[in-house]
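The values are calculated or read from the model by the stated rules, or taken from the named source; none is laboratory data. These numbers were taken from a predicted model, which means no experiment stands behind them. Please note: Cβ atoms are built from the backbone with ideal geometry, for glycine as well, and neighbour counts cover all protein chains shown. Keep in mind that these areas ignore ligands, DNA and RNA; they rest on the heavy atoms of the full protein, side chains included. Shrake-Rupley method; radii C 1.70, N 1.55, O 1.52, S 1.80 Å.
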Amino acid sequence: MPSKIDPNTFDSLRQMTDAAFVSQLVDTFLEDAPRQIKEMRAALKEGDAETFRRLAHSIKSNAATFGALELSDQARELEMLGKENKLDQVAGSLDAFEATFKSVARELRDLTE
Amino acid sequence: MTTYREPGRLLVVDDNRVNRLLLGHGLEQNGHIVASAENGRQAMEMLRAGSYDLVLLDIEMPEMNGFQVLEALLQDPVLRELPVIMTSASDELDRVVKCIEMGAEDYLTKPLNPILLRARVNASLEKKRLRDQQRKLFRTFATPEVAEELLQKGLTLGGKHVTATAMFSDIRSFTTITESNDPADVIELLNDYFTLMFDAVSSNGGTLNQMVGDGIMAVFGAPVFHEDHRLRAVHAALDMVENLDMFNVDRAARNKLQIKIGIGIATGKVIAGYTGTQHRATYTCVGDTVNLAARIESHTKTVPYSILIDQYTREGLPAGTLVDELGPVVFKGKQQPINIFGVGAKQENAPA
(Lines give C-alpha, C1' and ligand atoms only; values in the text may rest on other atoms or scores of the structure.)
Protein backbone atom coordinates (compact mmCIF):
# COMPACT_ATOMS: atom_id res chain seq x y z
CA MET A 1 0.00 0.00 0.00
CA PRO A 2 1.43 3.40 -0.97
CA SER A 3 2.32 5.68 1.90
CA LYS A 4 -0.22 8.29 2.98
CA ILE A 5 2.49 10.36 4.61
CA ASP A 6 4.80 12.67 2.69
CA PRO A 7 8.26 11.67 4.00
CA ASN A 8 9.80 15.13 3.44
CA THR A 9 7.20 16.87 5.55
CA PHE A 10 7.43 14.30 8.29
CA ASP A 11 11.24 14.36 8.33
CA SER A 12 11.39 18.10 8.51
CA LEU A 13 8.92 18.10 11.38
CA ARG A 14 11.23 15.72 13.17
CA GLN A 15 14.29 17.85 12.43
CA MET A 16 12.60 21.02 13.54
CA THR A 17 11.66 19.48 16.84
CA ASP A 18 12.83 16.11 18.10
CA ALA A 19 11.68 12.50 18.03
CA ALA A 20 10.16 12.54 21.51
CA PHE A 21 8.18 15.64 20.74
CA VAL A 22 6.93 14.22 17.45
CA SER A 23 5.74 11.12 19.31
CA GLN A 24 3.85 13.32 21.72
CA LEU A 25 2.30 15.22 18.81
CA VAL A 26 1.26 12.01 17.05
CA ASP A 27 -0.24 10.60 20.25
CA THR A 28 -2.23 13.78 20.69
CA PHE A 29 -3.48 13.70 17.11
CA LEU A 30 -4.45 10.03 17.32
CA GLU A 31 -6.32 10.75 20.52
CA ASP A 32 -8.18 13.79 19.27
CA ALA A 33 -8.93 13.06 15.61
CA PRO A 34 -11.16 9.96 16.16
CA ARG A 35 -13.25 12.01 18.60
CA GLN A 36 -13.43 14.85 16.07
CA ILE A 37 -14.53 12.48 13.31
CA LYS A 38 -17.23 11.14 15.63
CA GLU A 39 -18.34 14.71 16.27
CA MET A 40 -18.42 15.32 12.52
CA ARG A 41 -20.81 12.38 12.13
CA ALA A 42 -23.01 13.82 14.86
CA ALA A 43 -22.94 17.27 13.26
CA LEU A 44 -23.82 15.75 9.89
CA LYS A 45 -26.80 13.97 11.43
CA GLU A 46 -28.00 17.17 13.10
CA GLY A 47 -27.40 19.24 9.98
CA ASP A 48 -24.97 21.45 11.91
CA ALA A 49 -22.87 22.64 8.96
CA GLU A 50 -20.88 25.15 11.01
CA THR A 51 -19.59 22.59 13.53
CA PHE A 52 -18.97 20.13 10.71
CA ARG A 53 -16.90 22.73 8.87
CA ARG A 54 -14.88 23.71 11.94
CA LEU A 55 -13.99 20.10 12.80
CA ALA A 56 -12.95 19.36 9.21
CA HIS A 57 -10.83 22.51 9.29
CA SER A 58 -9.10 21.38 12.47
CA ILE A 59 -8.18 17.93 11.13
CA LYS A 60 -7.08 19.47 7.84
CA SER A 61 -4.55 21.59 9.65
CA ASN A 62 -3.10 18.67 11.64
CA ALA A 63 -3.00 16.34 8.65
CA ALA A 64 -0.91 18.93 6.80
CA THR A 65 1.46 19.19 9.76
CA PHE A 66 2.26 15.46 9.57
CA GLY A 67 2.43 15.39 5.77
CA ALA A 68 -0.80 13.40 5.46
CA LEU A 69 -1.61 15.20 2.24
CA GLU A 70 -4.48 13.05 1.01
CA LEU A 71 -6.19 13.26 4.39
CA SER A 72 -5.69 17.02 4.40
CA ASP A 73 -7.21 17.31 0.90
CA GLN A 74 -10.22 15.23 1.86
CA ALA A 75 -10.67 17.33 4.99
CA ARG A 76 -10.56 20.47 2.87
CA GLU A 77 -13.33 19.14 0.61
CA LEU A 78 -15.48 18.33 3.62
CA GLU A 79 -14.74 21.76 5.08
CA MET A 80 -15.92 23.37 1.83
CA LEU A 81 -19.17 21.38 1.86
CA GLY A 82 -19.78 22.60 5.40
CA LYS A 83 -18.93 26.15 4.49
CA GLU A 84 -21.32 26.10 1.52
CA ASN A 85 -23.98 24.50 3.65
CA LYS A 86 -24.11 21.44 1.39
CA LEU A 87 -24.07 18.68 3.97
CA ASP A 88 -26.47 16.70 1.76
CA GLN A 89 -23.56 16.22 -0.64
CA VAL A 90 -21.24 14.69 1.96
CA ALA A 91 -22.67 11.15 1.48
CA GLY A 92 -19.80 8.62 1.33
CA SER A 93 -17.02 11.21 1.56
CA LEU A 94 -16.93 11.03 5.32
CA ASP A 95 -16.48 7.23 5.23
CA ALA A 96 -13.65 7.57 2.72
CA PHE A 97 -12.13 10.26 4.91
CA GLU A 98 -12.28 8.02 7.97
CA ALA A 99 -10.70 5.16 6.04
CA THR A 100 -7.82 7.42 5.01
CA PHE A 101 -7.44 8.53 8.60
CA LYS A 102 -7.13 4.91 9.75
CA SER A 103 -4.30 4.25 7.28
CA VAL A 104 -2.60 7.47 8.31
CA ALA A 105 -2.95 6.56 11.98
CA ARG A 106 -1.34 3.17 11.39
CA GLU A 107 1.56 4.71 9.51
CA LEU A 108 2.10 7.43 12.09
CA ARG A 109 2.19 4.83 14.84
CA ASP A 110 4.79 2.85 12.91
CA LEU A 111 6.87 5.96 12.27
CA THR A 112 6.99 6.94 15.92
CA GLU A 113 7.53 3.56 17.50
CA MET B 1 21.69 32.59 17.34
CA THR B 2 22.19 34.40 20.60
CA THR B 3 19.14 34.99 22.68
CA TYR B 4 20.15 38.01 24.68
CA ARG B 5 16.64 39.34 24.72
CA GLU B 6 14.31 39.03 27.60
CA PRO B 7 11.85 36.21 27.13
CA GLY B 8 8.40 37.25 25.91
CA ARG B 9 5.28 36.19 27.75
CA LEU B 10 3.14 34.71 25.02
CA LEU B 11 -0.37 33.36 24.88
CA VAL B 12 -1.20 30.74 22.27
CA VAL B 13 -4.91 30.53 21.50
CA ASP B 14 -6.00 27.52 19.46
CA ASP B 15 -8.76 24.99 19.90
CA ASN B 16 -6.59 22.31 18.36
CA ARG B 17 -4.30 20.50 20.79
CA VAL B 18 -1.71 19.52 18.20
CA ASN B 19 -1.41 23.13 17.07
CA ARG B 20 -1.09 24.35 20.64
CA LEU B 21 1.69 21.84 21.32
CA LEU B 22 3.52 22.73 18.12
CA LEU B 23 3.36 26.45 18.68
CA GLY B 24 4.21 26.16 22.34
CA HIS B 25 7.19 23.96 21.58
CA GLY B 26 8.53 26.29 18.88
CA LEU B 27 8.15 29.35 21.06
CA GLU B 28 9.71 27.75 24.11
CA GLN B 29 12.65 26.70 21.94
CA ASN B 30 13.11 30.39 21.25
CA GLY B 31 13.27 31.11 24.95
CA HIS B 32 9.78 32.45 25.52
CA ILE B 33 7.37 31.78 28.30
CA VAL B 34 4.23 30.26 26.83
CA ALA B 35 0.72 29.83 28.13
CA SER B 36 -2.17 28.50 26.08
CA ALA B 37 -5.92 28.79 25.84
CA GLU B 38 -8.24 26.52 23.90
CA ASN B 39 -10.85 29.05 22.92
CA GLY B 40 -11.43 32.78 22.77
CA ARG B 41 -13.42 33.02 25.96
CA GLN B 42 -10.68 31.34 27.97
CA ALA B 43 -8.09 33.53 26.25
CA MET B 44 -9.90 36.72 27.25
CA GLU B 45 -10.06 35.54 30.86
CA MET B 46 -6.35 34.80 30.90
CA LEU B 47 -5.45 38.07 29.20
CA ARG B 48 -7.48 40.09 31.68
CA ALA B 49 -5.98 38.26 34.63
CA GLY B 50 -2.34 38.05 33.57
CA SER B 51 0.29 40.03 31.79
CA TYR B 52 1.31 39.09 28.25
CA ASP B 53 3.50 40.58 25.53
CA LEU B 54 1.97 38.89 22.51
CA VAL B 55 -0.95 36.72 21.48
CA LEU B 56 -0.87 34.07 18.77
CA LEU B 57 -4.47 33.73 17.75
CA ASP B 58 -6.26 31.07 15.73
CA ILE B 59 -9.29 32.23 13.72
CA GLU B 60 -11.40 29.08 13.82
CA MET B 61 -12.51 28.30 17.34
CA PRO B 62 -15.71 27.32 19.09
CA GLU B 63 -17.34 29.59 21.71
CA MET B 64 -15.46 32.71 20.70
CA ASN B 65 -13.54 32.79 17.44
CA GLY B 66 -10.48 34.81 16.48
CA PHE B 67 -12.52 37.70 15.05
CA GLN B 68 -14.48 38.02 18.25
CA VAL B 69 -11.31 37.93 20.35
CA LEU B 70 -9.75 40.66 18.21
CA GLU B 71 -12.85 42.77 18.58
CA ALA B 72 -12.92 42.29 22.34
CA LEU B 73 -9.24 43.17 22.60
CA LEU B 74 -9.69 46.36 20.60
CA GLN B 75 -12.53 47.45 22.83
CA ASP B 76 -10.52 46.90 25.97
CA PRO B 77 -8.61 50.05 26.99
CA VAL B 78 -5.78 48.02 28.46
CA LEU B 79 -5.59 45.10 26.05
CA ARG B 80 -6.04 47.02 22.81
CA GLU B 81 -2.30 47.69 22.59
CA LEU B 82 -1.42 44.02 22.87
CA PRO B 83 0.06 42.77 19.60
CA VAL B 84 -1.71 39.83 17.97
CA ILE B 85 -0.33 37.45 15.36
CA MET B 86 -3.01 35.47 13.56
CA THR B 87 -2.26 31.80 12.96
CA SER B 88 -4.28 30.41 10.12
CA ALA B 89 -4.45 27.84 7.38
CA SER B 90 -2.84 28.95 4.14
CA ASP B 91 -6.17 28.76 2.31
CA GLU B 92 -7.87 31.38 4.46
CA LEU B 93 -5.77 34.40 3.65
CA ASP B 94 -8.87 36.47 2.87
CA ARG B 95 -9.85 36.11 6.50
CA VAL B 96 -6.34 36.96 7.65
CA VAL B 97 -6.53 40.18 5.64
CA LYS B 98 -9.70 41.05 7.50
CA CYS B 99 -7.91 40.47 10.80
CA ILE B 100 -4.99 42.68 9.80
CA GLU B 101 -7.48 45.38 8.83
CA MET B 102 -9.11 45.00 12.22
CA GLY B 103 -5.79 45.55 13.94
CA ALA B 104 -3.88 42.28 14.08
CA GLU B 105 -0.17 42.89 13.73
CA ASP B 106 0.91 40.00 11.58
CA TYR B 107 0.08 36.44 10.61
CA LEU B 108 1.59 33.00 10.31
CA THR B 109 0.26 30.17 8.21
CA LYS B 110 -0.08 26.62 9.47
CA PRO B 111 1.74 24.27 9.16
CA LEU B 112 4.18 26.59 10.87
CA ASN B 113 7.60 27.34 9.57
CA PRO B 114 9.84 27.59 12.65
CA ILE B 115 12.15 30.22 11.14
CA LEU B 116 9.22 32.45 10.21
CA LEU B 117 7.69 31.81 13.59
CA ARG B 118 10.81 33.00 15.33
CA ALA B 119 11.22 36.03 13.08
CA ARG B 120 7.63 37.20 13.27
CA VAL B 121 7.38 36.70 17.00
CA ASN B 122 10.66 38.47 17.70
CA ALA B 123 9.72 41.35 15.39
CA SER B 124 6.39 41.76 17.14
CA LEU B 125 7.99 41.64 20.57
CA GLU B 126 10.63 44.14 19.53
CA LYS B 127 7.99 46.52 18.17
CA LYS B 128 6.03 46.19 21.37
CA ARG B 129 9.13 46.91 23.43
CA LEU B 130 9.75 50.06 21.39
CA ARG B 131 6.15 51.15 21.76
CA ASP B 132 6.25 50.55 25.50
CA GLN B 133 9.45 52.54 25.74
CA GLN B 134 7.96 55.35 23.69
CA ARG B 135 4.84 55.36 25.82
CA LYS B 136 6.94 55.52 28.97
CA LEU B 137 8.90 58.39 27.47
CA PHE B 138 5.75 60.29 26.48
CA ARG B 139 4.32 59.80 29.90
CA THR B 140 7.28 61.42 31.54
CA PHE B 141 6.36 64.71 29.95
CA ALA B 142 2.74 64.27 28.93
CA THR B 143 -0.47 63.04 30.40
CA PRO B 144 -1.60 59.55 29.44
CA GLU B 145 -4.22 61.12 27.11
CA VAL B 146 -1.60 63.01 25.17
CA ALA B 147 0.62 59.96 25.00
CA GLU B 148 -2.35 58.00 23.62
CA GLU B 149 -3.14 60.70 21.08
CA LEU B 150 0.46 60.74 19.95
CA LEU B 151 0.65 57.00 19.68
CA GLN B 152 -2.66 56.60 17.90
CA LYS B 153 -2.47 59.48 15.46
CA GLY B 154 1.23 59.28 14.98
CA LEU B 155 3.55 62.18 15.23
CA THR B 156 2.63 65.14 13.08
CA LEU B 157 4.90 68.03 13.54
CA GLY B 158 2.47 70.60 12.18
CA GLY B 159 1.03 73.34 14.37
CA LYS B 160 -2.40 74.87 14.75
CA HIS B 161 -4.13 77.79 16.42
CA VAL B 162 -6.13 76.83 19.45
CA THR B 163 -7.68 78.66 22.34
CA ALA B 164 -6.07 77.37 25.47
CA THR B 165 -4.96 78.35 28.93
CA ALA B 166 -1.24 78.62 29.57
CA MET B 167 0.31 78.39 32.99
CA PHE B 168 3.77 79.26 34.26
CA SER B 169 5.06 78.31 37.64
CA ASP B 170 8.37 79.16 39.21
CA ILE B 171 10.00 78.75 42.55
CA ARG B 172 9.75 82.16 44.22
CA SER B 173 12.07 81.57 47.08
CA PHE B 174 13.88 78.90 48.93
CA THR B 175 13.24 79.31 52.58
CA THR B 176 15.94 77.88 54.72
CA ILE B 177 15.46 77.00 58.30
CA THR B 178 18.85 75.49 58.60
CA GLU B 179 21.94 76.89 57.01
CA SER B 180 22.42 73.68 55.11
CA ASN B 181 22.11 73.67 51.39
CA ASP B 182 23.39 70.26 50.63
CA PRO B 183 23.27 69.85 46.81
CA ALA B 184 21.74 66.40 47.11
CA ASP B 185 18.99 67.86 49.26
CA VAL B 186 18.27 70.61 46.71
CA ILE B 187 17.99 68.10 43.88
CA GLU B 188 15.78 65.85 45.94
CA LEU B 189 13.63 68.86 46.74
CA LEU B 190 13.31 69.79 43.07
CA ASN B 191 12.40 66.24 42.13
CA ASP B 192 9.70 66.08 44.78
CA TYR B 193 8.46 69.49 43.71
CA PHE B 194 8.20 68.44 40.05
CA THR B 195 6.40 65.28 41.06
CA LEU B 196 3.83 67.27 43.03
CA MET B 197 3.36 69.83 40.27
CA PHE B 198 3.10 67.21 37.60
CA ASP B 199 0.42 65.48 39.62
CA ALA B 200 -1.57 68.72 40.05
CA VAL B 201 -1.39 69.51 36.32
CA SER B 202 -2.16 66.07 34.98
CA SER B 203 -4.96 65.30 37.43
CA ASN B 204 -6.72 68.40 36.11
CA GLY B 205 -6.29 67.38 32.48
CA GLY B 206 -3.37 69.66 31.69
CA THR B 207 -0.21 68.88 29.82
CA LEU B 208 3.19 69.67 31.17
CA ASN B 209 5.25 71.23 28.38
CA GLN B 210 8.49 72.42 29.77
CA MET B 211 10.58 72.05 32.79
CA VAL B 212 13.46 74.47 32.69
CA GLY B 213 15.50 74.86 35.82
CA ASP B 214 12.85 75.25 38.46
CA GLY B 215 10.18 76.51 36.08
CA ILE B 216 7.20 74.65 34.72
CA MET B 217 4.96 75.47 31.80
CA ALA B 218 1.66 73.71 31.41
CA VAL B 219 -1.21 74.06 28.99
CA PHE B 220 -4.90 73.29 29.44
CA GLY B 221 -7.36 72.73 26.60
CA ALA B 222 -4.79 71.40 24.14
CA PRO B 223 -3.86 68.98 22.72
CA VAL B 224 -6.80 67.36 24.48
CA PHE B 225 -9.71 69.77 24.35
CA HIS B 226 -11.60 70.58 27.53
CA GLU B 227 -14.41 73.14 27.39
CA ASP B 228 -13.54 74.27 30.93
CA HIS B 229 -9.80 74.65 30.38
CA ARG B 230 -9.70 77.95 32.29
CA LEU B 231 -11.29 76.47 35.40
CA ARG B 232 -9.04 73.41 35.14
CA ALA B 233 -5.95 75.58 35.05
CA VAL B 234 -7.05 77.52 38.14
CA HIS B 235 -7.89 74.27 39.96
CA ALA B 236 -4.48 72.90 39.05
CA ALA B 237 -2.84 76.07 40.40
CA LEU B 238 -4.79 75.81 43.67
CA ASP B 239 -3.84 72.13 43.91
CA MET B 240 -0.21 73.02 43.30
CA VAL B 241 -0.20 75.57 46.11
CA GLU B 242 -2.03 73.21 48.43
CA ASN B 243 0.29 70.30 47.59
CA LEU B 244 3.24 72.50 48.26
CA ASP B 245 1.87 73.77 51.56
CA MET B 246 1.51 70.22 52.83
CA PHE B 247 4.90 69.38 51.45
CA ASN B 248 6.42 72.35 53.27
CA VAL B 249 4.82 71.40 56.56
CA ASP B 250 6.46 68.02 56.27
CA ARG B 251 9.80 69.56 55.28
CA ALA B 252 9.64 72.05 58.17
CA ALA B 253 8.98 69.21 60.61
CA ARG B 254 12.17 67.58 59.37
CA ASN B 255 14.10 70.82 59.48
CA LYS B 256 14.53 70.86 55.76
CA LEU B 257 14.57 73.37 52.97
CA GLN B 258 11.14 74.71 51.89
CA ILE B 259 9.92 76.49 48.79
CA LYS B 260 7.32 78.99 47.70
CA ILE B 261 6.05 79.27 44.16
CA GLY B 262 4.42 81.85 41.95
CA ILE B 263 1.92 80.91 39.25
CA GLY B 264 0.75 82.99 36.31
CA ILE B 265 -2.20 81.98 34.13
CA ALA B 266 -3.44 83.51 30.86
CA THR B 267 -6.02 82.43 28.30
CA GLY B 268 -6.21 83.10 24.59
CA LYS B 269 -4.98 81.94 21.21
CA VAL B 270 -1.85 79.86 21.18
CA ILE B 271 0.00 78.08 18.43
CA ALA B 272 0.26 74.49 19.50
CA GLY B 273 2.06 71.58 17.97
CA TYR B 274 4.82 69.07 18.30
CA THR B 275 8.26 70.52 17.87
CA GLY B 276 11.50 68.73 17.45
CA THR B 277 12.35 65.94 15.07
CA GLN B 278 10.55 62.74 14.25
CA HIS B 279 12.78 61.06 16.78
CA ARG B 280 12.44 63.50 19.57
CA ALA B 281 9.55 65.88 19.87
CA THR B 282 7.58 67.62 22.55
CA TYR B 283 4.17 69.21 22.53
CA THR B 284 4.70 72.93 22.71
CA CYS B 285 2.60 76.08 22.84
CA VAL B 286 3.87 79.48 21.80
CA GLY B 287 2.37 82.88 21.21
CA ASP B 288 1.33 86.05 23.02
CA THR B 289 -0.84 84.19 25.51
CA VAL B 290 2.10 82.08 26.59
CA ASN B 291 4.31 85.17 26.95
CA LEU B 292 1.61 86.88 28.95
CA ALA B 293 1.33 83.94 31.34
CA ALA B 294 5.07 84.15 31.91
CA ARG B 295 4.86 87.90 32.59
CA ILE B 296 1.97 87.41 34.98
CA GLU B 297 3.91 84.72 36.80
CA SER B 298 6.77 87.18 37.21
CA HIS B 299 4.31 89.69 38.63
CA THR B 300 3.62 87.40 41.64
CA LYS B 301 6.89 88.76 43.07
CA THR B 302 5.24 92.11 43.62
CA VAL B 303 1.84 91.14 45.04
CA PRO B 304 0.73 89.05 48.04
CA TYR B 305 -0.74 86.25 45.91
CA SER B 306 0.80 83.01 44.76
CA ILE B 307 -1.61 82.71 41.86
CA LEU B 308 -2.43 85.44 39.36
CA ILE B 309 -4.76 85.17 36.38
CA ASP B 310 -5.78 87.42 33.50
CA GLN B 311 -9.21 88.74 32.57
CA TYR B 312 -10.04 85.96 30.05
CA THR B 313 -9.20 83.28 32.55
CA ARG B 314 -11.34 85.08 35.14
CA GLU B 315 -14.29 85.02 32.74
CA GLY B 316 -14.08 81.26 32.49
CA LEU B 317 -14.60 80.72 36.20
CA PRO B 318 -18.06 80.09 37.63
CA ALA B 319 -19.89 83.11 39.04
CA GLY B 320 -19.14 83.50 42.71
CA THR B 321 -15.55 82.27 42.49
CA LEU B 322 -13.53 84.30 44.94
CA VAL B 323 -10.89 86.34 43.19
CA ASP B 324 -9.39 89.69 44.07
CA GLU B 325 -9.28 92.23 41.30
CA LEU B 326 -5.86 93.85 41.37
CA GLY B 327 -6.48 96.30 38.57
CA PRO B 328 -4.78 96.83 35.24
CA VAL B 329 -1.08 96.22 34.80
CA VAL B 330 0.98 97.22 31.78
CA PHE B 331 3.34 94.39 31.04
CA LYS B 332 6.56 94.70 29.19
CA GLY B 333 6.01 94.30 25.46
CA LYS B 334 2.25 94.90 25.70
CA GLN B 335 0.42 98.00 24.50
CA GLN B 336 -2.78 97.49 26.45
CA PRO B 337 -2.98 97.19 30.22
CA ILE B 338 -4.18 93.78 31.37
CA ASN B 339 -6.60 93.27 34.24
CA ILE B 340 -5.08 90.96 36.81
CA PHE B 341 -6.79 88.92 39.52
CA GLY B 342 -5.35 87.23 42.57
CA VAL B 343 -6.64 83.73 43.35
CA GLY B 344 -6.49 81.90 46.66
CA ALA B 345 -5.52 83.11 50.07
CA LYS B 346 -3.82 86.47 50.39
CA GLN B 347 -0.43 85.96 51.95
CA GLU B 348 0.17 87.60 55.29
CA ASN B 349 3.83 88.31 54.94
CA ALA B 350 3.55 89.81 51.52
CA PRO B 351 6.67 89.83 49.43
CA ALA B 352 8.39 93.12 49.11
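Odds and ends about this structure:
- Accessible area of B:Lys346 (1.4 Å probe, protein heavy atoms only, ligands and nucleic acids ignored): about 130 Å².
- Taking Cβ atoms as reference points and 11 Å as the exclusive limit, the residues near A:Ala43 contribute a net charge of +1, counting Lys and Arg as +1 and Asp and Glu as -1.
- Long-range HN-HN contacts of B:Phe331 with modeled amide H, under 5 Å: B:Ile338
- Selected from A:Glu79, A:Glu70, A:Glu31 as most flexible by GNM, with chain A as the system and alpha-carbon contacts under 10 Å: A:Glu31
- Within the protein assembly as shown, percent of DSSP bridges classed antiparallel, to nearest 5: 65
- Here's how it looks for B:Asp15: its modeled amide H is under 5 Å from none belonging to a residue 5 or more places away or on a different chain.
- The charge dipole of the stretch A:7-112, taken about the Cα centre with unit charges on the Cβ atoms of Lys, Arg (+1) and Asp, Glu (-1), comes to about 80 debye, rounded to the nearest 20.
- Mean residue ellipticity at 222 nm, helices only, the protein assembly as shown: -16500 deg cm²/dmol; runs of at least 4 DSSP H residues each add -39,500 (n - 2.57), and the sum is divided by the number of residues.
- Interchain or long-range residues, amide H under 5 Å from B:Ile259's placed H: B:Thr175
- Computed from the C-beta positions of B:Ala123 and B:Ala253, the FRET efficiency with R₀ = 51 Å rounds to 0.40.
- Averaged over A:13-25, number of beta-carbon atoms from partner chains that fall within 10 Å: 3
- Sequence-distant contacts, meaning Cα pairs under 8 Å at least 6 residues apart, place the relative contact order of chain A at 34 percent.
- Rule-of-thumb Rg ratio for the protein assembly as shown [Cα; 2.2 N^0.38 Å; N residues]: 1.44
- Label point distance in nm, B:Asp192-A:Glu39, each placed 7 Å from Cα along Cα→Cβ: 6.2
- Nearby lysines by direct alpha-carbon distance to B:Lys98 (threshold 26 angstrom, same-chain neighbours under 8 apart not counted): A:Lys60, A:Lys83, A:Lys86, B:Lys110, B:Lys127, B:Lys128, B:Lys153
- If R0 equals 30 Å, the separation of the Cβ atoms of B:Gln311 and B:Ser203 corresponds to a calculated FRET efficiency of about 0.70.
- Accessible area buried between chains B and A, both sides summed, probe 1.4 Å, in Å² to nearest 100: 1800
- Taking all protein chains as shown and a probe of 1.4 angstrom, B:Lys160 keeps an accessible surface of around 130 Å².
- Separation in nanometres of the label points that stand 7 Å from Cα toward Cβ, at B:Glu227 and B:Lys98: 4.0
- Å³ per residue enclosed by the Cα convex hull of the stretch B:184-244: 64
- Two-site FRET efficiency, A:Ala20 against B:Ile115, from Cβ-Cβ distance with R₀ of 25 Å, rounded to 0.05: 0.70
- Proximal lysines to B:Lys332, defined as alpha-carbon separation beneath 20 angstrom and excluding residues fewer than eight positions away on the same chain: B:Lys269, B:Lys301
- Estimated Rh, the stretch A:7-112: Kirkwood, alpha-carbon pairs, angstrom: 14.0
- Computed from backbone phi with θ = phi - 60° and the Karplus coefficients 6.51, -1.76 and 1.60, the 3J(HN,Hα) list for the stretch B:31-47 is x, 8, 9, 10, 10, 9, 10, 9, 7, x, 4, 4, 4, 4, 4, 5, 5 Hz; x is used for glycine and proline.
- Expressed as a whole percent, the accessible area of the protein assembly as shown that falls on carbon and sulfur atoms is 51 (1.4 Å probe).
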